[in-house]
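Below: one structure, written as structure tokens.
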Amino acid sequence: MELEAGQRDQPNGSSTDIGIQLSQEFWIAGQGGLREDAATSRLGAARADYDFLAATTTARVRAAFLSVLVAEQAVNTAERVVDTNEQLETYARKRLDAGAGTRIESNAARLGLQRARAFAAAARDTATQARLELKDLLAIDPTRRLAIKGDLSFALLDMPARDRLLTRAVERRTDLQAAASRVIAARKELSLANREIIPNLTVFGFYREEAGGRDKGGSDITGGGVGFELPLLDRYEGERQIATADLAQAQLDQDNLQREVRLQVLSAISAYDAGRERADALSDAVLEAAESSLELTRRSFAAGKVGATAITSAQNNLFDVRRDYLDALGALVTAGTDLERATGGLLVMDSRGASQ
């Protein structure tokens, strides 16, 4: 809407001219539909990005939760190792005091105990850090007490054949859907840029009173018209080039993401298979066997059958087995949650089992 007013000076006096004009621009050549389609595709891409972010956040929280369970398992095993080495160190000290043992044997037992205590301190810190990371992902007060319940009993994931899994992962990943929507939006925007050279129509109607209007001896004028821009100098070449480049970029991003998704899935499958095999090979039974070996060494030491070398060897074996056991659990958690992210939540591993 446009309003106008002006002062008219004439030999016989002055008067006021007033006018009002209403106009409306109409997009032609399907420009309105292209704009709406492009905006709809952009909105769909944003929603798909949000869905992928939600799925990724879920996987990250699950990984943090499982990491807490692994960290608590590390604390438990460290305390068991400390208990075993305390018994050994106590007995070695008593033998030394009684004159039946040697300083080398006592030092070996003492050294193993101190190493076990250092491992326990590190395990407790790792557990604290894991809980803080989980609280951070949950966006809760880090001082809040958080009860964690769960068992480290991972069931084997029932994965389909590799090609089938790749196909389903590509279909499920909402970030790929977002990339496809952005390609559609870019195509619509390119079509719109090509049509912008066709001028839109502006339809208008107006009413004017000149020299005070008809009642005061002037004139009342009512009319209408159609207007449009003539793109003689601006041929929208820049807009078309920008839209073409945006489309090429969107298509390249889509192709790269599809390749990246397939790479992530294949990498996660390999890491999960290796993590599963490591976890199966280094189970609780292996750790218990290493603890039993140290206890048998202690008994042999009490019977005078072995010396400091055997003590140190059994201690080192227990430390190594414990480290490998916890590393295997951590690798399995990482591989399982990476597989969840790579497949868009198609495969999920938790502490109670697995779901698909």
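How many nm separate the modelled label positions at residue 201 and residue 20, each set 7 Å beyond the Cα in the direction of the Cβ?
Taking the simple label geometry, residue 201 and residue 20 are separated by 2.5 nm.
Test of understanding: express the Cα radius of gyration of the stretch 239-356 as a ratio to 2.2 N^0.38 Å, with N the residue count.
With N residues counted in the stretch 239-356, Rg over 2.2 N^0.38 Å equals 1.83.
Per residue of the chain, what 222 nm ellipticity follows from adding -39500 (n - 2.57) for every DSSP H run with n ≥ 4, rounded to the nearest 500?
Calculated mean residue ellipticity at 222 nm is -24000 deg cm²/dmol.
By per-residue mean of other Cβ atoms within 10 Å, what is the highest-first order of 294-304, 75-85?
The densest-packed peptide leads the list: 75-85, 294-304.
Once you sort the root eigenvalues of the Cα gyration tensor of the stretch 187-297 as a ≥ b ≥ c, which label holds: rounded (a/c under 1.5), prolate (a/b larger than b/c) or oblate (the other case)?
In terms of gyration-tensor shape, prolate.
For the stretch 17-175, what does the alpha-carbon gyration tensor say about shape, rounded, prolate or oblate, given a ≥ b ≥ c as the root eigenvalues, a/c under 1.5 as rounded, and a/b over b/c as prolate?
Here the stretch 17-175 falls in the prolate category.
Once the mean 1/r over all distinct Cα pairs of the stretch 159-245 is inverted, what Kirkwood radius in angstroms do you read off?
Final number for the Kirkwood radius of the stretch 159-245 is 18.6 Å.
Provide Rg and Dmax in Å for the chain, with only Cα atoms included in the calculation.
My reading of the Cα-based Rg and Dmax gives 38.5, 138 Å.
Please sort 28-41, 214-227, 104-117, 267-280 by packing, taking for each peptide the average over its residues of neighbouring beta carbons within 10 angstrom, highest first.
Going by the mean number of other Cβ atoms within 10 Å, highest first, we get 104-117, 267-280, 28-41, 214-227.
Taking a spot 7 Å from the Cα of residue 103 along the direction of its beta carbon, which residues of the stretch 307-342 have an amide N less than 20 Å from it?
307-312
What is the calculated FRET efficiency for residue 226 to residue 248, with r their C-beta to C-beta distance and R₀ = 45 Å, to the nearest 0.05?
In this case the efficiency is close to 0.75.
Using the heavy atoms of the protein chains alone and a 1.4 angstrom probe, what is the accessible area of the chain per residue in square angstrom?
In whole numbers, the chain has 57 Å² accessible per residue.
Mind listing the phi-derived Karplus ³J(HN,Hα) values for the stretch 252-266, rounded to whole Hz, using 6.51, -1.76 and 1.60 with θ = phi - 60°, and x for any glycine or proline?
Along the stretch 252-266, the couplings run 5, 4, 5, 5, 5, 5, 4, 5, 5, 4, 4, 5, 4, 5, 4 Hz.
Of 68, 230, 57, which is farthest on the positive side of the dipole of the chain, counting Cα position, with +1 on Lys and Arg Cβ, -1 on Asp and Glu Cβ, and the Cα centre as origin?
68
Enumerate the amide H contacts of residue 8 below 5 Å, restricted to partners 5 or more residues apart or on another chain; note that Pro and chain-start residues carry no placed amide H.
Amide H to amide H, under 5 Å and 5 or more residues apart or across chains, residue 8 pairs with 15, 16, 17.
Have a look at 318, 285, 275 and report the one farthest towards the positive end of the charge dipole of the stretch 272-328, computed about the Cα centre with Cβ charges (Lys/Arg +1, Asp/Glu -1).
318
Rounded to a whole number, what % of the accessible area of the chain do carbon and sulfur atoms account for, probe 1.4 Å?
The value for the chain is 51 percent carbon and sulfur by accessible area.
So what are the ³J(HN,Hα) numbers for the stretch 192-203, from phi and the Karplus equation (6.51, -1.76, 1.60; θ = phi - 60°), rounded to whole Hz, Gly and Pro as x?
5, 4, 5, 9, 5, 5, 7, x, 6, 9, 10, 9
With θ set to phi - 60°, apply the Karplus curve 6.51 cos²θ - 1.76 cosθ + 1.60 along the stretch 211-217 and write out the HN-Hα couplings as whole Hz, x wherever there is a Gly or Pro.
6, x, x, 4, 5, 10, x
Assuming a ≥ b ≥ c are the square roots of the Cα gyration tensor eigenvalues, decide whether the stretch 100-174 counts as rounded (a/c under 1.5), prolate (otherwise, with a/b larger than b/c) or oblate.
oblate
Hey, how many Å between the Cα centroid of the stretch 1-56 and the Cα centroid of the stretch 277-353?
69
What is the ratio of the Cα radius of gyration of the stretch 57-126 to 2.2 N^0.38 Å, where N is its residue count, to two decimals?
So the Cα radius of gyration is 1.58 times the expected 2.2 N^0.38 Å.
Rg and Dmax of the stretch 1-59, using alpha carbons, in Å: what are they?
26.7, 87
The values are calculated or read from the model by the stated rules, or taken from the named source; none is laboratory data. Since the model is a prediction, treat every value here as computed from it, not as a measurement. Don't worry about glycine lacking a Cβ; one is built from the backbone with ideal geometry, like all the others, and counts go over all protein chains shown. Each accessible area value is taken on the protein alone, full model and side chains, heavy atoms only, with ligands, DNA and RNA left out. Shrake-Rupley method; radii C 1.70, N 1.55, O 1.52, S 1.80 Å.
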